[in-house]
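Below is one structure, written out as structure tokens, with a few remarks after it.
The values are calculated or read from the model by the stated rules, or taken from the named source; none is laboratory data. The structure presented is a predicted model; accordingly, all values stated were derived computationally and were not measured. Cβ atoms come from the backbone with ideal geometry, glycine included; neighbour counts cover every protein chain shown. Surface areas here come from the heavy atoms of the whole protein model, side chains and all, with no ligands, DNA or RNA. Shrake-Rupley method; radii C 1.70, N 1.55, O 1.52, S 1.80 Å.
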Amino acid sequence: MRTLRRIAPALALLVSPLAAAAQSTLVAERVDLDVIAKIRAEGFERSQIEPLAADLVDRIGPRLTGSPGMKQANEWTAETLRGWGLTNVQVAPWGEFGRGWERVAFAGRILEPFVQPLQAQPLAWTGSTRGRVTAPVVAIEASSATELIARYAGRLRGAVVLMQAPTPIAPEFDPFTRRFEPETLLQPPAPPRPPQQQQPQAGQAFAQRAALNQALDSLMRSEGAVASLRPSQWAYGVLRVGGGGSRNPREPEALPALVLSHDQYGQMWRNATRGVPVRVELEVQNRFHTADTKAYNTLADLPGTDLADQLVMIGAHLDSWHTGNGATDNAAGSIVMMEAMRILRAIGVQPRRTIRIALWSGEEQGLLGSNAWVRGNEALWPRISAYLNLDNGTGRIRGIWNQSNEAATGIFEQLLWPFRDLGYVAVRHGNTGGTDHLAFDRVGVPGFNFIQDPIEYGLRSHHSNVDSYERLVLDDLRQAAVIVAATAYHLAMRDELMPRKRAASDR
């Protein structure tokens, strides 16, 4: 066994400024280069990333929590992990989610002022039309519930409603960053920003808008509106779609609601507000599921040896929105974590701690699956060394956030140093949010999210109708799986648990 015990000189040109404060940690870690060589060989020469992506993205497709696609994904991941020889494989319920929903069919076109296909997709948990309907379009221009009633009472029966004025999206003049430059990742941390105080005007505007939306929904229901339309937040025909109705099976189904392409919505809005007649034809078919209102996570273990009662966890969210196939958000993270487990199992390592994979549901509705699992397993918190998460698209791993855990910086710098040739750069000090590592971090369990090249993640793909297999960069995902496998293995082999953050009173 070759181990790397003192690598501080080699890191001098690479590490972030914070690493200098952790030199004592840098000389204490052990990096098994023989295991890393085996991980690389398995991950690059016998990779299963491509078939895993084909199964999850092309065959199973969208995985809205509570939908038949999500159920199929849970079953497929469990079957696949079990087939690789992992243990304690389970599709575990985490609690009540509410009624399920799936998109069945949609067809639509603009009839006036000229015929064109309607570029739209339904919001999740919204209802269906009564077959194919033809309806005039009414644009809502009101700043209060009082003004809404005064201007539109009696005008919405049988209408399709444009809910709001579109926000302008300027043409793209400047290039976007697709991959991080090393100097960007090596910049010293920015000073923490003071907490922002919410301006009273902002709170009033939010409350006023909420009251207006509630009044508009009530008016549409009472008058018998056909459906509502909202503009996509992204341009160029990309439909960025989320939820729009209630999951509570005791509440009425929401009226049909669609997100329309930004350009087409703007066209309809301008015509309708100028007095040019706009008429559409549409048919929306959605289906609700109430037989099982629970939701599920998939979990599996690579058993440990002398420290088997302790855990190193890796994970990603398996659920997605419904309009695309959930490729970069987050089939990418899910198959990377599955591939990391396969690699470790295939090369026959015996980690000291148990390595557990968790593929979460309900992430898109607020980290529901991971939060519920963490809350339901409080007895495990002292025995979870760390949780590693991947959820920022298809880009290769370029580093990891230390989540303001200064003691973790030097550990990660040493464990990840052997991957400089694969594009790994640095540990970044600070916090990143929006995904499942927060469920662990919030309760004091070390939770970390890897830094990935952005590629198209914040521009085109995630939460959109174009989030397809074609948006995946398979070579980047192979790199990510190798790095995750090596990181998880070495954390599982440490003598000590990953250090916890110091309490605020101790800093």
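Here are some notes:
- Top-ranked residue of segment 256-274 - restricted to ones that are open to solvent by 40 Å² or more (accessible area, probe 1.4 Å) and not charged (D, E, K, R), ranked as nearest to F97 (Cα to Cα): Q267
- Filtering A480, A426 for residues that are open to solvent by less than 10 Å² (accessible area, probe 1.4 Å), at pLDDT 95 or above and not acidic (D, E) leaves a single hit, A480.
- Condition check for T487: under 30 Å from G304 (Cβ atoms), among the β-branched types (V, I, T) and modelled with pLDDT of 95 or more: yes
Results for (1) farther than 30 Å from D475 by Cα; (2) part of a helix (DSSP H, G or I); (3) of a type in the set (V, I, T); (4) modelled with pLDDT under 85, shown as yes or no for each residue.
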{"position": "T177", "(1), (2), (3), (4)": "no, no, yes, yes"}
{"position": "F180", "(1), (2), (3), (4)": "no, no, no, no"}
{"position": "Q187", "(1), (2), (3), (4)": "no, no, no, yes"}
{"position": "P194", "(1), (2), (3), (4)": "yes, no, no, yes"}
{"position": "Q197", "(1), (2), (3), (4)": "yes, no, no, yes"}
{"position": "Q204", "(1), (2), (3), (4)": "yes, yes, no, yes"}
{"position": "A211", "(1), (2), (3), (4)": "yes, yes, no, no"}
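- Residue check, A225 assigned to a loop (DSSP other than H, G, I, E, B), small (G, A, S) and under 27 Å from the mean Cα position of the chain (by Cα): no
- Total residues in segment 77-88, condition among the hydroxyl-bearing types (S, T, Y) and crowded, with 16+ Cβ neighbours inside 10 Å: 2
- Residues of segment 89-104 that are open to solvent by 40 Å² or more (accessible area, probe 1.4 Å) and over 16 Å from W360 (Cα atoms): E102, R103, V104.
- Listed by first and then second residue, the pairs with beta-carbon distance under 8 Å, at least 6 apart or on different chains, first residue in segment 210-222 and open to solvent by 70 Å² or more (accessible area, probe 1.4 Å), second modelled with pLDDT of 95 or more, are R221/L255.
- Summed over segment 463-479, residues that are in a loop (DSSP other than H, G, I, E, B), under 15 Å from L52 (Cα atoms) and either touching a helix residue (DSSP H, G or I) at 6+ places or on another chain (Cβ under 8 Å) or hydroxyl-bearing (S, T, Y) (or both) total 2.
- Within segment 231-285, the set of residues being touching a helix residue (DSSP H, G or I) at 6+ places or on another chain (Cβ under 8 Å) and among the polar types (S, T, N, Q) comprises S232, Q233.
- Test: residue in segment 169-181 that is of a type in the set (V, I, T), open to solvent by less than 30 Å² (accessible area, probe 1.4 Å) and either within 29 Å of L111 (Cβ to Cβ) or touching a residue at least 12 places away in the same chain (Cβ under 8 Å) (or both): no
- Residues being buried (at least 24 other Cβ atoms within 10 Å of the Cβ) and out of contact with any strand residue (DSSP E or B) (no Cβ under 9 Å at 6 or more places or on another chain) - total across segment 340-365: 2
- Note on segment 105-126: residues that are crowded, with 19+ Cβ neighbours inside 10 Å and either in contact with a Gly (Cβ under 9 Å, 6 or more places away or on another chain) or not in a strand (DSSP E or B) (or both) total 8.
- Of the residues making up segment 278-289, none is without any contact (Cβ under 8 Å) to a residue 60 or more places away in the chain and surrounded by 13 or more Cβ atoms within 10 Å (Cβ to Cβ).
- Any chance R63 is in contact with a strand residue (DSSP E or B) (Cβ under 8 Å, 6 or more places away or on another chain), among the basic types (K, R) and not in a strand (DSSP E or B): no
- Considering residues of segment 290-321 that are open to solvent by 10 Å² or more (accessible area, probe 1.4 Å) and β-branched (V, I, T) only, the residue nearest to V137 (Cα to Cα): T290
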